[in-house]
Amino acid sequence: MAKYSKKSQDKVEENMHEMKEGKLKSGRSGRKVTNPKQAIAIGLSEARKEGAKVPKKAAAKKRATPKKKAAAKKAAPKKKAAAKKRATPKKKAAAKKAAPGKKAAAKKATAKRATAKRATAKKASPKKKAAAKKRATPKKKAATKS
């Protein structure tokens with residue numbers, strides 16, 4: 001059994017000829033149609049309106065997002081909240097006083113690095129944690145001296 005009726009085929013054919021002649025225009029914007037697929041779609045929709053036998057429009061497909069991305073998005077706000085809780089009143093005052101520019105950008109970058117280190121430390125084994133602490137302590141001392 002045929003999916004499309006003769007009436008719908010004729011409608012598509014008419015629209016294709018109009019498109020090739022440059023007379024077919026889009027319904028919404030009124031622009032000239034140059035794409036053959038669009039001409040076919042217009043012909044089928046007109047045939048549907050007239051009651052011709054045409055299959056229903058295909059439903060829009062939903063994108064399947066990977067679970068890893070969704071999990072990463074959920075975990076990100078928790079880290080920010082935890083970082084806000086750890087900030088002392090002195091650090092908050094210093095952050096407010098800092099002029100927007102290089103200083104603020106540098107502080108944001110260091111904060112991001114610190115949160116990344118914490119995240120990796122949680123995942124790391126006990127031996128790796130100890131090694132990370134040893135590496136982190138000289139940097140903190142150097143930062144306090146300058």
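None of the figures in this text is laboratory data; all of them are computed from the coordinates on show. Quantities reported herein were computed from a predicted structural model and do not represent experimental measurements. Here the Cβ is made from the backbone with ideal geometry for all residues, glycine too, and neighbour counts use every protein chain on show.
Annotations
- For the pair Lys53 and Lys3, the difference between a 0.36 nm per residue extended length and the Cα-Cα distance amounts to 17.3 nm.
- All aspartates and glutamates inside 16 Å of Lys7 as judged from Cα atoms, apart from same-chain residues fewer than 8 positions distant: Glu46, Glu50
- Between Ala106 and Arg63, the C-beta separation translates, for a Förster distance of 30 Å, into a calculated FRET efficiency of about 0.20.
- Equivalent ellipsoid semi-axes - Cα gyration tensor, region 6-50, angstrom: 17, 12, 7
- Greater than 20 Å apart at Cα, pairs in Lys6/Lys56; Lys3/Lys25; Lys3/Lys23; Lys25/Lys53; Lys6/Lys32; Lys3/Lys49: Lys3/Lys25; Lys3/Lys23; Lys25/Lys53; Lys6/Lys32
- Above-threshold pairs, the threshold being 32 Å between Cα atoms, out of Lys61/Lys108; Lys62/Lys107; Lys107/Lys128: Lys61/Lys108; Lys62/Lys107
- ³J(HN,Hα) computed for each position of region 106-115 - Karplus, 6.51 cos²θ - 1.76 cosθ + 1.60, integer Hz, glycine/proline x: 5, 5, 4, 5, 5, 5, 4, 4, 5, 5
- Contour minus Cα-Cα distance for Thr34 and Ala114 (0.36 nm per residue): 23.3 nm
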